[in-house]
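Everything on this sheet refers to the single structure shown next.
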Amino acid sequence: MNNFPKPPDFKQNFVFMIKRDDRIKFGRFGFSILSFLLHWIPSILRSDYYNTACIVGVDTCIYMATHMFLQLVLNVDPSNAANITYFVGAVIWGLGYNTMYIKRLVNKGFKPIDVDSQNVLKQHRIDCELTDMTPDEINHQGPTL
């Protein structure tokens, strides 16, 4: 039984962050399979409209460049430009979306909940201080009536 490989430690890439208005968000570093498969839909579901606009803008630029290259340089029918654009964009956003999302959370004022999350941020060159909230404030589920 000792010859089995050790399973990966999934905790090493997850970050749990909180903001003073009781919003807790989590993210992870690494390849985003959802952004690869569904493109801009995960950013809309996360209410991350800034990165949605970035995805649409970059995809538009990739589409225009691909269309012009196929038509003007290769002199072929550019009907496949949309497929090429989607694949290239999917690879780009699959590789970079999670990091962009976490950096955007830090810029909005979110802070790591625990030391493990802070260490993961430091491993990825994001310097952020721990939250000053107490565990009771973190576990508070909303306003009481």
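The values are calculated or read from the model by the stated rules, or taken from the named source; none is laboratory data. Because the structure is a prediction, the values reported are computed rather than measured. All Cβ positions, glycine included, derive from the backbone under ideal geometry; neighbour counts span all protein chains shown.
Against the definition (without any contact (Cβ under 8 Å) to a residue 40 or more places away in the chain and not β-branched (V, I, T)), how does F110 come out, yes or no?
Spelling it out, it is not the case that F110 is without any contact (Cβ under 8 Å) to a residue 40 or more places away in the chain and not β-branched (V, I, T).
Here is a list of conditions, (1) in contact (Cβ under 8 Å) with a residue 24 or more places away in the chain; (2) surrounded by fewer than 17 Cβ atoms within 10 Å (Cβ to Cβ), and H39 meets all of them except one; can you say which number that is?
H39 satisfies every listed condition except (2).
Kindly establish whether L95 is part of a helix (DSSP H, G or I), modelled with pLDDT of 90 or more and either farther than 21 Å from S32 by Cβ or within 25 Å of the chain's Cα centre (by Cα) (or both).
yes
Filter the stretch 121-138 for residues that are of a type in the set (A, V, I, L, M) and modelled with pLDDT under 85; which is surrounded by the fewest Cβ atoms within 10 Å (Cβ to Cβ)?
My answer is I138.
Specify which of the listed residues (Y97, Y86, Y50) is farther than 25 Å from N139 by Cα, in contact with a Lys or Arg (Cβ under 9 Å, 6 or more places away or on another chain) and not aliphatic (A, V, I, L, M).
Of the residues listed, the single one that is farther than 25 Å from N139 by Cα, in contact with a Lys or Arg (Cβ under 9 Å, 6 or more places away or on another chain) and not aliphatic (A, V, I, L, M) is Y50.
Could you list, in sequence order, the residues of the stretch 15-36 that are surrounded by 14 or more Cβ atoms within 10 Å (Cβ to Cβ) and either of a type in the set (K, R) or without any contact (Cβ under 8 Å) to a residue 24 or more places away in the chain (or both)?
K19, K25, R28, L34
Going through the stretch 45-95 one residue at a time, which ones are more than 30 Å from F110 (Cα to Cα) and small (G, A, S)?
A65, S79, A81, A82
With the condition kept exactly as written, say whether any residue in the stretch 85-92 is in a helix (DSSP H, G or I), surrounded by fewer than 19 Cβ atoms within 10 Å (Cβ to Cβ) and free of Cβ contacts under 8 Å to residues at least 24 places away in the same chain.
yes
If a residue must be farther than 12 Å from Y97 by Cβ, of a type in the set (S, T, N, Q) and in a helix (DSSP H, G or I), how many such residues does the stretch 37-56 contain?
0
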